[in-house]
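Have a look at the structure below, then the notes.
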Amino acid sequence: MRTTLGLLLATFAAASAAEINVIPRPVTVVPGQGAFRIRSNTALVVAPAAGAAGRLLASRLALKPSEARNARDNSIRITVDPSVSIPSREGYVLEVTARRVEVRGNSEAGAYYGAQSLLQLLAPGGGSIPCVRIEDYPRFSWRGAMLDPARHFLPKAEVLKFIDLLAMQKMNLLHLHLTDDQGWRVEIKRYPRLTQVGSIRKETRVGLEREARGFDGKPHGGFYSQDDLREIVAYARDRFVTVLPEIEMPGHAQAAIAAYPELGNTGEKLEVFTRWGVNKNVFNVNENTILFLQNVIEELFPIFPGPFIHIGGDEVPLDQWKASPAAQARMKELGLKSEIELHGYFIRRMDQFLTSHGLRLVGWDEILEGGVDPSATVMSWRGSKGGIAAARRGHDVVMAPNTYTYFDYYQAKAPTEPLAIGGFVPLEKVYEFDPVPSGLSPEEARRILGTQGQLWSEYMPTPAQVEYMAFPRLTALAEVAWTPVPQKSYQDFLRRLAVYEERLRALGVNFRAAAKQ
Ligand code: ACM
C-alpha cells in the first residue's frame, strides 16, 4: 500500500514537473500538487513598484490590475520586495498554489521576470497554472543580442518585436550595430549627409562575396530618426532591455566617408559600399575626424541610457595609414612606433571622451592590440582568446565568440538551408557554450559580464530571415546566460523548447524548428 501510494505520488510529481516548461530553466523549481485556475473574476493585484510586470500580465491574461491589498484567494499578486533573499537584482520568487499566485521580485525587473515565468507556466491557450514554487535569478548580468541594421535595414516594427522576444526569454540587452561600410542608419542632426548620402547604397552584391557573381541593381536604404531611436529605447526600457548603440570606427567606415570624404585617407570620392568583407577605407586619425566622431557620439548621449557605448574597433586594415603622409606625420608627432599603436591611440581618445562623460566604452577584441586602458570593456568575437586576455588584464568582458554566438553561421547542414556566410553553429553547440572559459581565476571570471548572440545581416535581407537565424539559437543562448551550469540539460531544453516553439509560432516568429533535419 505504502509502495503504491509512494509510486503514485512520484508519478504525480513527475507529471507536474513535466508541465514546468519555463525557458530559461529557473534556478530552483519545486513542483506542487494541483493547479491555480484563472477565472474572469481573478484579481490581479499589482504593487505600484511592479507596474511593468502588472501591465504584462494584464495584457496577456486579459485581467484588470488593481492596487496592492492583502493576499486573498483567487488572486495573482505581484510585489517588489528588496528583502527577497535572492543573490541578484533581477531575481524573483514565484509561488503558485491552488488558491493564489504570488510573484515577489527583489526589484522591478525581478517582478517582471517572475511575470514572464508565470506566463510560460500557462499551457499555450490554457487557463490554469500548475502549482509550483520557483526561486530564480540570472547567472550573468549581460544577456544580449546584436542586430545589424547596417547591412540590411530592419524596420522599427521588427526591432520592437525582437525586443518583446528578448524580454520573453529574460534577455536584457539589445546591441544595435548602427553603422558600417554598407549603410549609416542613425540620424545625426549636426552631420545630415551621414544619412542623406550614407544611408543608401545603389545596389548589393548577389551571393557570396568570393563568388563575385555581380549585383542586384536595386538601391537599399533606411535609417532610424532620433525619434525612432527614442521610441525603441523607451519600448525596451519598459521590458528591462538596455539598448546599446554601436558607431563603428576607425574601420567599417565607408558609408561615412562617402558622405564626408574629408574623414578618409585618400581624398578619393567613394560611394556607399555595395560589396561585403573587410574594407580598406578607414577613417583618418586627424584631430578634426576624432572631433567629428565625438560629436556624433555626443548626439547619442541623450537618446541611449548608457552606461555603455560601443565604438567597434574591429577589422581595421592598416594599408591606408601606412601609405598616408598625414597618418605617418601624426604617428611621429605622437611618438607612436606602429600603425597598431595609432589604432590604440584612436581608441584611447574615444575611451577618454566617454569616460569624461561618465560613460563606458565597449569595443571588439582588436582594441586590446594597440593598448587600451582597463576602463574599456572588451567584446570577444574571435573565439574566447581575446576575452581571456582581457579578463587577465583587468577589463570587463562580454563573450561573443564566433564559434558559439555567431548566428549568421549555418545552423544545419541540409542543402535546403538558405545561403549563409559560412561556419557551422548548430543549436546544441550554442547550448553547450560556457561564457566563463576554464583556467580563469575566480577574480578574472567575475570580469565576464555575460554573453550575446550576433545576427550579422549580410545574408539576412529580410526580418523573416533574421528571425530564422535567431530562433531557436538565441533561446538556447538565453539559457546559457541565465541558468546555472548544474541545472542545464540539453535534453530537457529540447523538451521545453517544443512548447516554446508553439509560443513563437503564435507570435508569428519565423523560427527554425529544432526537430527539422
Ligand atoms: C566582427 O565580426 N567583425 C566583430
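Each reported figure results from applying straightforward, stated rules to the coordinates on display, with no laboratory input. Just so it is clear, the model here is predicted, and its values are computed rather than measured. Reconstructed Cβ throughout: ideal geometry from the backbone, glycine too, with neighbour counts over all protein chains shown.
When only C-alpha pairs under 8 Å and at least 6 residues apart count, what is the relative contact order of segment 125-233, in percent?
Working: 130 pairs, mean separation 25.7, N = 109.
That works out to 24 percent.
Each distinct pair of alpha carbons in segment 372-517 adds a 1/r term; the inverse of their mean, the Kirkwood radius, is 16.1 Å. Candidate cross-link partners of Lys269 among the lysines, defined by an alpha-carbon separation under 17 Å and a same-chain spacing of 8 or more, comprise Lys202, Lys280. Shown for segment 52-205 is the translational diffusion coefficient from the Stokes-Einstein equation, using the Kirkwood radius over Cα pairs, a temperature of 37 °C and a viscosity of 0.692 mPa s: 181 µm²/s.
Order of Ile200, Ile247 from fewest to most other C-beta atoms within 10 Å? Mind dumping the intermediate values first?
On the way: Ile200 19, Ile247 22.
By the 10 Å Cβ count, ascending: Ile200, Ile247.
In the chain, taking the dipole from charged Cβ atoms about the Cα centre, the farthest positive-side position among Trp321, Gln226, Pro82 is held by Pro82.
Restricting to Cα atoms and excluding each atom paired with itself, what does the Kirkwood estimate give for segment 476-517 in Å?
11.3 Å
Evaluating 6.51 cos²θ - 1.76 cosθ + 1.60 at θ = phi - 60° for every residue in segment 114-122, the Karplus couplings come out as x, 5, 4, 5, 4, 4, 7, 6, 6 Hz, glycine and proline recorded as x.
Here the chain is treated with +1 on each Lys and Arg Cβ and -1 on each Asp and Glu Cβ, and its dipole about the Cα centre works out to around 1480 debye.
As a proxy for reagent exposure, ranking His252, His357, His310 by other Cβ atoms within 10 Å from fewest up yields His357, His310, His252. Treating r as the C-beta distance of Val499 and Lys332 and R0 as 56 Å, the FRET efficiency rounds to 0.30. Relative to the longest principal Cα axis of the chain, at what angle does helix 226-238 sit, 0 to 90 degrees, rounded to 10? Taking the Cα atoms of the chain, the angle to 226-238 is about 30 degrees.
Against the chain, whose longest principal axis comes from its Cα atoms, helix 2-19 is set at around 30 degrees.
Assign unit charges at the C-beta atoms only (+1 for Lys and Arg, -1 for Asp and Glu), then state the dipole size of segment 61-153 relative to its Cα centre in Debye, rounded to the nearest 20. Don't skip to the end; give the middle numbers.
Working: 12 positive and 10 negative charges, 27 e Å.
Roughly 140 debye for segment 61-153.
Given R₀ = 35 Å, FRET efficiency for Ser40-Ala157 by Cβ-Cβ distance, to 0.05?
On the way: r = 32 Å, r/R0 = 0.91.
Efficiency computed from Cβ-Cβ geometry: 0.65.
Most simply put, the chain has about 30% antiparallel DSSP beta bridges, counting only bridges with both residues inside it.
When each of Arg151, Arg330 is scored by the number of other beta-carbon atoms lying within 10 Å, the sequence from fewest to most is Arg330, Arg151. Using C-alpha pairs below 8 Å separated by at least 6 residues, the relative contact order for segment 368-517 is 21 percent. Per residue, the average separation of C-alpha pairs within less than 8 Å and at least 6 apart gives the chain a relative contact order of 13 percent. In the chain, helical runs assigned H by DSSP with n ≥ 4 each contribute -39500 (n - 2.57); averaged across all residues and rounded to the nearest 500, the mean residue ellipticity at 222 nm is -10500 deg cm²/dmol. The long axis of helix 287-300 is offset from the longest Cα principal axis of the chain by roughly 20 degrees. Put +1 on the Cβ of every Lys and Arg and -1 on every Asp and Glu Cβ in the chain; which of Phe140, Gln294, Ile311 then has its Cα farthest towards the positive end of the dipole? My answer, from the dipole projection, is Phe140.
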